[in-house]
Structure formats: C-alpha cells, structure tokens
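Each value in this text was obtained by applying a stated rule to the coordinates, not by laboratory testing. Computed from a prediction, not measured in an experiment: that's the story for all the values here. So basically every Cβ, Gly included, is an ideal-geometry build from the backbone, and we count neighbours across all protein chains shown.
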C-alpha cells in the first residue's frame, strides 16, 4: 500500500509524539532510562600489550609458598571463607585470601599477583583482561535503608529515583503503610558511589553520579553508610542486607520495600519485582603461564556449594537464576530474563 506525502506527515508526527511521550528518545529523561546498564558485553575486552600477555602470575613476596592466592571484595571475603578453608584442608593446599574491594582486586589482576579475583559488581570492559574468565556465584538484593523510626516502609522505584535526584525532598511527600503522611523531615540521601565504571549495583538506581542531587552525602566506606543512616532520622541510603548485620555496631537501620516487594524475599529479586541488586563474580585465568589448575578446582567447588553459604549472606545462587531465565555465557551472568515486570 502506498502512502501519499500529504498523509505521511501526520503519521510521522504521531510516531514522533509517541516516542517522545514514552521516552523513546535516549535524550528524554524518563524514570525508565534513569537506570544504567545491568551488564557489559562479554565480547568487549580490554587490549593489553604483548609483554603483559606473556607475563606469568607472580605472587607478592608476603604470600610465601602459597598454592593459591585470592583477592576478594569485602562481602565475598566473609561469605566464602568457610568453604575455602574446607577446600584447602581437604586438598592440603595453602590458600591465601586477601580482603579488599573491587578496585583492589582489579589492580591485583592487572599486576598478575593473584589466581582468583572476587567482585561485587559485573565486570566493566576494562576488567575483561586477555585470558581472564568470569564466573558468577549469584546475586544479592541492594536494600534501600532508612532510620528505624521512619514510618515510611515502601516506595516505588520511581520515587526512589526522584529522592536521589532531589525531586522529592521531604518524607511528608510520601505515604506510610497506614495511608498517612511521612514525617515532616528533610530527606538526606546517603550514597557510596563506588565502582563508577562497572555496570549494575547503585547504577541500577541512577546511571551516573551527575544524575544525583548535589546535596547528597557521599561516603567512602560501608560502615559510614550504616552509621550515617542510623544517626539521621531523615536519611536514606543503600546496602546489601549482610552489611547491616556485619556493621550492626554502627547503628540500627531499616530496609524498606520497593514497589511493595521486599529485599528479604529471594523470589521478589529473582523475578525482578524487587529491582536493585549486586552481582558476585569470581575471575580466573586461562592460558599458558597464568592458568592454575588448583584455582579452577576451587572455583568449581565454590560454584557447586554456594547454596551452602550462611543464609544471612542473602546470596541467590546462579543455579536458581538459570532456571528463572537469566542469561549466561558460560559461567558468567550476562543478562536479565526477557520476561519481567517493568522497572
């Protein structure tokens, strides 16, 4: 069927209008495109010079005669220690585990001083070094945290984004569980803008630091996040639930629901009805001069036994995600399921 030029203009105008109203243009700042990417493309890797590629793994002198050396982010360090010790004892291996952050782990991998690196975020392109492979242990809800005296216990993901962008400034603009108004207190968003290049984590809330209100209180460490929210009746922050237990000496905080769904319920996160989460990955080497068969054995063991972790860690294993339709490339989680509720 042919369409005359005279009739094409109103059709074109209507299509443009629909795109504009629904946020079809990337420049239109809607709640949907406020979130950043969840994952990066595994095929996009970081190029390195040939001299680096030929460089073997060489432990720091302080590691002594270790059989395996790991650098793990703070949560994985706590969560995996019992399993790692069990494996080392069973196989008579001296395994050195260093506690760090994603940044420290990334540096150790770039320097080729560790066999295994543990991250609390999906890898950025710059993390995908030649010969490095990622293995996903599971995901964990990133909870929105408020002062325990705050009667507001549920907000929408859109309201959460408005709060951190400074568009909702008082708790009285929100409702409580009994239908009343929140307290007439200024909202103080507390952030920890770590791992800014890596996808997922806090970037599922707002894509980059420029989108946050200038009045945010940014902290550098997890204990500071907990203490600042616990001290301020108007505060709101975010962290995984394990860290509210680990740093309970810093004060009491309350995790609230998003869109009516709880960060404590695994099914709410698996279905993405609860929309904020962290991804836990282990990275290992493949290839001559860098591959350690003992590292491969340990990672396989951890992947098989992640279900045995203390339930307080709240980590949903990769096996459950596969069954729910989350996308994997090899052992690495690379995408959310196709069918989930709008976020």
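Computed packing ranks the peptides 306-314, 168-176 as 168-176, 306-314, most packed first, by mean other Cβ atoms within 10 Å.
Just checking the listed ones, 118, 64, 289: in the Gaussian network model of the chain with Cα springs under 10 Å, the one fluctuating most is 64. Subtracting the Cα-Cα distance of residue 322 and residue 286 from their residue separation scaled by 0.36 nm leaves 10.6 nm. The GNM of the chain, with springs linking C-alpha atoms under 10 angstrom apart, assigns the highest mean-square fluctuation among 34, 66, 108 to 66. Segment residue 104..residue 310, full-extension length gain: 71.6 nm, with 0.36 nm per residue of separation and the alpha-carbon distance subtracted. Here's the picture: a label point sits 7 Å out from the Cα of residue 329 along the beta-carbon direction, and within region 185-214 the residues with their amide nitrogen under 17 Å of it are 198-200. Which value at 222 nm does the chain reach when only helices count, each DSSP H run of 4 or more adding -39,500 (n - 2.57), with the total divided by all residues and rounded to the nearest 500 deg cm²/dmol? So the helix-based figure for the chain works out to -8500 deg cm²/dmol.
Label-to-label distance, residue 153 versus residue 176, with points set 7 angstrom from Cα along the beta-carbon direction: 1.1 nm.
Rounded to the nearest 0.05, the FRET efficiency derived from the C-beta distance between residue 50 and residue 248 at R0 = 45 Å is 0.35. The distance from the alpha carbon centre of region 57-77 to that of region 218-291 is 25 Å, rounded to a whole number.
The candidate values are [x] 20.8; [y] 21.8; [z] 25.2; the one derived from this structure for Kirkwood radius over Cα pairs in Å carries the label [y]. Maximal additional length on extending the residue 221-residue 300 stretch stands at 25.3 nm, based on 0.36 nm per residue less the C-alpha distance. Roughly what angle does helix 74-91 make with the longest principal axis of the chain, taking Cα atoms, 0 to 90 degrees, to the nearest 10? That works out to roughly 30 degrees. Helix 5-22 and the longest principal axis of the C-alpha atoms of the chain enclose an angle of approximately 60°. Treating r as the C-beta distance of residue 126 and residue 81 and R0 as 30 Å, the FRET efficiency rounds to 0.60. In this calculation the C-beta distance from residue 61 to residue 211 is compared with R0 = 51 Å, giving a FRET efficiency of 0.70.
How do 329, 323 rank when sorted from fewest to most other Cβ atoms within 10 Å of their own Cβ?
323, 329
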